[in-house]
Amino acid sequence: MKSRFYIIDFDSTFTQVEALDELARISLQHHPEREKRLAQIEELTNAAMEGRLSFSESLHERVRLLDAHREQLDPLVSRLKKKVSASFSRNKLFFKKHASEVLIVSGGFKEFITPVVLPYHIPKENIYANTFHFDKEGKIIGFDEKNPLATEGGKVKLLEQLDLKGELYGIGDGHSDFQLKESGHIKKFYAFTENIERKSVSAKADHVTPSFDEFLYVNQLPRAISYPKNRILCLAIGEVPKESLEILKKDGFSIRHKSSFEEKYVADVGMLLLAKGEKIPNEQLKRAVKLKTLGVLGSSKAKISEEICTEMGIVLFDDVKNNPRNSNFIPKRMADFINKGDTYLSSNFPNLQLPKIANAHRLIHIHKNVPGIMAQINQVFAQHQINILGQFLMTKPKIGYVITDVSAQYDKEVLKELKQIQHTIKFRILY
């Protein structure tokens with residue numbers, strides 16, 4: 001099998017932000033032209049990332065406008081460590097297992113990139129970036145212009161020098177990342193859009209990846225969650241408040257906001273959030289076979305059949321008291337169910353709220369509440385000699401809900417057998 005290398009951008013990819021923009025906010029804090037310069041630096045960044053301005057021109061002008069000092073790098077690093085992209089942050093296990101295959105390649109600067117990236121097990125020698133020049137007082141006065149990454153097409157020039165033997169995959173948000181594909185140096189280019197989407201870049205990509213989870217999923221690599229959240233169809237119906245949508249978007253779900261529950265979405269919808277007063281006909285609800293959770297911004301009584309939801313293993317959240325906070329509360333409860341399996345304060349499921357267990361896979365099994373199901377579940381685990389790290393079972397008259405945390409290593413045949421247990425309603429892996 002050929003060696004694989006993963007070429008990952010830093011700004012707006014590994015981190016949520018552009019580091020030089022963040023440094024400018026620190027260095028220009030008391031500058032009389034602060035707002036003007038911040039706007040100029042941001043525009044120069046975007047122009048380079050979209051291919052409207054050469055990278056070298058953009059970099060020269062941004063460094064000049066920064067008016068920055070060595071002492072301002074420490075607070076920048078502290079800020080950047082808190083701004084690592086969520087999907088990168090939760091996938092440290094991938095970096096630990098594939099550290100030697102990951103290269104951080106950036107037009108940014110090692111002085112702030114290295115301390116942010118090192119905790120992810122990426123060796124120093126795999127971090128490629130520019131370096132600042134300082135005067136005797138520590139002021140940033142320029143950068144090493146001999147570094148290929150300081151020039152137009154720098155990432156292409158660097159890979160030509162490295163001459164890596166194997167299949168190369170590029171992940172980034174900007175024009176300089178796409179140039180790697182355009183030059184023929186990488187097998188596939190993945191436009192990373194978790195933080196920002198540049199349409200001119202996405203249009204040319206082999207694959208648009210809204211999260212690092214998506215990249216790991218399509219390449220069958222180790223990942224923190226079993227199924228990327230951006231692949232779960234999440235519909236919002238009616239006059240859903242903007243803040244409700246933002247909560248779900250921030251969590252990584254791809255939202256489609258519609259005025260009604262269109263028939264074409266019934267078979268594939270995974271999450272459904274209804275504005276106050278919206279209804280779902282029983283016949284549509286029965287055919288929503290992939291629906292995992294349904295939230296109602298208000299009371300669901302006489303609007304949603306709780307009985308059908310329960311029979312189909314759909315976790316229902318509503319707010320019978322029409323509390324003003326439900327625009328935040330309901331979408332958060334829905335997200336917690338998808339992310340952790342929590343059913344706390346649901347209308348039709350047993351209340352379960354669980355801590356996340358490290359280095360484990362969490363399996364959800366929803367079944368009819370009949371005798372012997374738990375014994376069958378544990379028999380499957382025993383036959384495959386699986387180590388159970390934690391198990392939680394709660395029931396209601398018609399339904400049983402069991403969550404099992406198991407060691408990360410197991411035969412995938414186990415999953416098939418758990419799905420085939422008689423009276424199973426829904427089964428899925430959370431992470």
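Can you give me the long-range amide H partners of Val17? Hydrogens built in the peptide plane at 1.01 Å from N, cutoff under 5 Å, separation of 5 or more residues or another chain.
Excluding prolines and chain starts, which carry no amide H, the hits are Ser12.
Roughly speaking, what is the centre-to-centre gap between region 72-107 and region 363-400 when only Cα atoms are used, to the nearest Å?
Going from one Cα centre to the other spans 38 Å.
For Ile357 and Lys92, FRET efficiency with R0 = 22 Å and r from the beta-carbon atoms, rounded to 0.05?
Approximately 0.90, to the nearest 0.05.
Can you put Val116, Val406, Val380, Val320 in order of Cβ neighbours within 10 angstrom, beginning with the fewest?
Ascending Cβ contact count within 10 Å gives the list Val320, Val380, Val406, Val116.
Dividing the Cα convex hull volume of the chain by residue count, how many Å³ per residue is that?
On the way: hull volume 70.7 nm³, N = 431.
Given the Cα convex hull of the chain, per-residue volume reads 164 Å³.
Using r as the Cβ-Cβ distance of Ile141 and Glu35, and R0 as 22 Å, what FRET efficiency do you calculate, to the nearest 0.05?
0.40
Between His133 and Glu413, what is the label-to-label distance in nm when each label sits 7 Å out along the Cα-to-Cβ direction?
For the pair His133/Glu413, the computed spacing is 6.5 nm.
In region 335-369, whose amide N lies under 13 Å from the spot 7 Å out along Cα-to-Cβ of Met394? List them in ranges.
337, 341-355
Mind listing the phi-derived Karplus ³J(HN,Hα) values for region 368-376, rounded to whole Hz, using 6.51, -1.76 and 1.60 with θ = phi - 60°, and x for any glycine or proline?
So the Karplus estimates, Gly and Pro as x, are 5, 7, 10, x, x, 5, 4, 4, 5 Hz.
Which residue fluctuates most in the GNM of the chain (Cα springs below 10 Å): Leu233, Leu20, Leu389?
Leu389
Could you give the nm distance between label points at Glu160 and Lys242, where each point is 7 Å from its Cα heading toward the beta carbon?
Simple spin-label model gives 4.7 nm for this pair.
If you place +1 on the Cβ of every Lys and Arg and -1 on the Cβ of every Asp and Glu, how big does the dipole about the Cα centre of the chain come out, in debye to the nearest 20? Don't jump to the answer; show the numbers that get you there.
Details: 64 positive and 54 negative charges, 303 e Å.
In total the dipole reaches around 1460 debye.
Could you tell me which of the pairs Lys286/Lys356; Lys276/Lys332; Lys396/Lys416; Lys81/Lys187 are separated by over 21 angstrom between their Cα atoms in the structure shown?
Lys286/Lys356; Lys396/Lys416; Lys81/Lys187
Say R0 is 35 Å: what FRET efficiency, to the nearest 0.05, do Ser3 and Ala375 get from their beta-carbon distance?
The pair Ser3/Ala375 has a calculated efficiency of 0.15.
Give the percent of DSSP beta bridges with both residues in the chain that are antiparallel, rounded to the nearest 5. Can you show the working numbers first?
Values: 27 of 61 bridges.
That works out to approximately 45 percent antiparallel.
Among Leu158, Leu118, Leu248, Leu164, which comes first, second and so on when ranked by fewest other beta-carbon atoms within 10 Å?
Leu118, Leu164, Leu158, Leu248
For Cα pairs less than 8 Å apart in space and 6+ apart in sequence, what is the mean separation divided by the residue count of the chain, i.e. the relative contact order in percent?
Working: 823 pairs, mean separation 45.4, N = 431.
Here the relative contact order equals 11 percent.
How big is the gap, in Å, between the Cα center of region 112-129 and the Cα center of region 21-49?
Region 112-129 and region 21-49 have Cα centres separated by 25 Å.
Taken together, the values in this text are just the output of simple stated rules run on the coordinates, not laboratory data. Only a predicted model underlies this, so the values are computations on that prediction, with no experimental measurement involved. Positions of Cβ are generated from backbone atoms using ideal geometry, with glycine treated the same way; all protein chains shown enter the neighbour counts.
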